[in-house]
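Okay, so here's the structure we're looking at.
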Amino acid sequence: MTNKLAPSLGILRDEVSKRWPDRSKASDGWIGDARHAAAVSDHNPNVRGMVNAIDITAQGVDANAIIAAAKEHASTNYVVYNRKIYSRKDGFVARAYTGSNPHTSHIHISILQTSAAENNKTPWLKPVGKYNLLGHLQRGMGSKARPHADVSKLQQALKISADGIFGAATEAAVKAFQRKCKLMADGVVGEKTARALGWTWRGK
């Protein structure tokens with residue numbers, strides 16, 4: 001029997017790579033190593049030869065968006081990231097994760113051990129399209145502890161690392177976009193820049 005990644009997780013992996021084409025893949029993985037093989041793990045093939053877990057490198061993606069998508073998907077059993085676990089049995093409420101691997105470098109997604117979960121073809125990530133912006137975005141917004149949702153959407157639109165923190169790199173990307181659109185390159189996302197992004201402006 002040939003072991004393979006569950007098709008539903010293959011869809012997730014492909015969607016993540018398409019959304020963040022320049023993301024790091026340093027901690028990507030799905031088939032378990034010797035340590036996993038010696039224990040009960042979703043990284044080990046089941047009786048159908050399916051591996052029902054995947055690790056996605058956190059660097060260069062919007063981890064919050066991936067977690068949110070996983071929590072809404074019918075196949076998901078649990079997610080582990082940055083010392084927290086989100087489990088279906090707990091309603092996907094964040095709880096402390098005390099395993100030996102804190103999962104700070106990657107997002108672990110496990111699906112249910114059913115054929116239906118493995119072969120679910122439902123997309124995971126919602127399309128990034130038009131967006132309603134309710135106010136200006138500028139440097140200093142968002143932090144590691146409290147990523148800013150609008151900043152994450154902006155970073156996705158600009159195709160840069162989406163961490164929800166409006167720092168120097170995001171400001172530079174905004175200025176480059178503004179220059180390309182022949183707008184004043186001040187690094188602040190206001191009405192004109194929002195409309196150039198294809199967003200609806202609802203700020204003041």
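The values are calculated or read from the model by the stated rules, or taken from the named source; none is laboratory data. Predicted model only: the values in this text are computed from it and were never measured. Glycine also receives a Cβ, built like all others from the backbone with ideal geometry; neighbour counts cover every protein chain displayed. We work out accessible area using only protein heavy atoms, side chains counted, and drop any ligands, DNA or RNA first. Shrake-Rupley method; radii C 1.70, N 1.55, O 1.52, S 1.80 Å.
Solvent-accessible area of residue 177, all protein chains in place: 40 Å² (probe radius 1.4 Å, heavy atoms, ligands and nucleic acids excluded). Of all lysines in the structure, the ones whose alpha carbon falls short of 19 Å from that of residue 144, not counting any fewer than 8 places away in one chain, are 84, 153. The alpha carbons of the stretch 151-204 give a radius of gyration and a Dmax of 10.3, 28 Å, in that order. Close amide H partners of residue 84, meaning residues 5 or more places away or on another chain with modelled amide H under 5 Å apart, are 97.
If you average 1/r across every pair of different Cα atoms in the chain and take the reciprocal, what Kirkwood value do you get, in Å? Roughly 18.3 Å, rounded to one decimal.
Compared with the dominant principal axis of the Cα atoms in the chain, helix 7-19 is inclined by about 20°.
When both the stretch 133-154 and the stretch 54-71 are represented by their alpha-carbon centers, they are found 18 Å apart. Between the helical axis of 63-72 and the longest alpha-carbon principal axis of the chain there is an angle of about 60 degrees.
Where a ≥ b ≥ c are the square roots of the eigenvalues of the C-alpha gyration tensor, would you call the stretch 103-142 rounded, which needs a/c under 1.5, or, failing that, prolate if a/b is larger than b/c, or oblate? Since a/c reaches 1.5 but b/c is at least a/b, the shape of the stretch 103-142 is classed as oblate. If you build a Gaussian network model of the chain, linking Cα atoms that sit under 10 Å apart, which residue out of 157, 145, 74 swings the most? Among 157, 145, 74, the largest mean-square fluctuation in the Gaussian network model of the chain belongs to 145. With contacts defined as alpha carbon pairs under 8 Å and 6 or more residues apart, what's the relative contact order of the chain in percent? Value for the chain: 20 percent. The amide H of residue 143, built 1.01 Å from its N in the peptide plane, has 148 as neighbours under 5 Å, considering only residues 5 or more places off or on other chains. Label point of residue 17 set 7 angstrom out along Cα-Cβ; within the stretch 74-88, no amide nitrogen lies under 14 Å from it.
Would you mind giving the three semi-axes, in whole Å and largest first, of the ellipsoid equivalent to the stretch 74-136 according to its Cα gyration tensor? Intermediate results must be reported in sequence, preceding the final value.
Details: eigenvalues 123, 83, 24 Å².
Result for the stretch 74-136: semi-axes of 25, 20, 11 Å.
Using helices alone, I'd like the mean residue ellipticity at 222 nm for the chain: each DSSP H run of four-plus residues gives -39500 (n - 2.57), total over residue count, nearest 500. Could you put the intermediate results ahead of the total?
On the way: 7 runs with 59 residues, N = 204.
Dividing the helical sum by the residues of the chain leaves -8000 deg cm²/dmol.
Amide H contacts for residue 187 (H built 1.01 Å from N in the peptide plane; partners 5 or more residues away or on another chain; cut-off under 5 Å): 175.
Across the options 114, 131, 169, the greatest Cα extent toward the positive end of the charge dipole of the chain (unit charges at beta carbon of Lys, Arg, Asp, Glu) belongs to 131.
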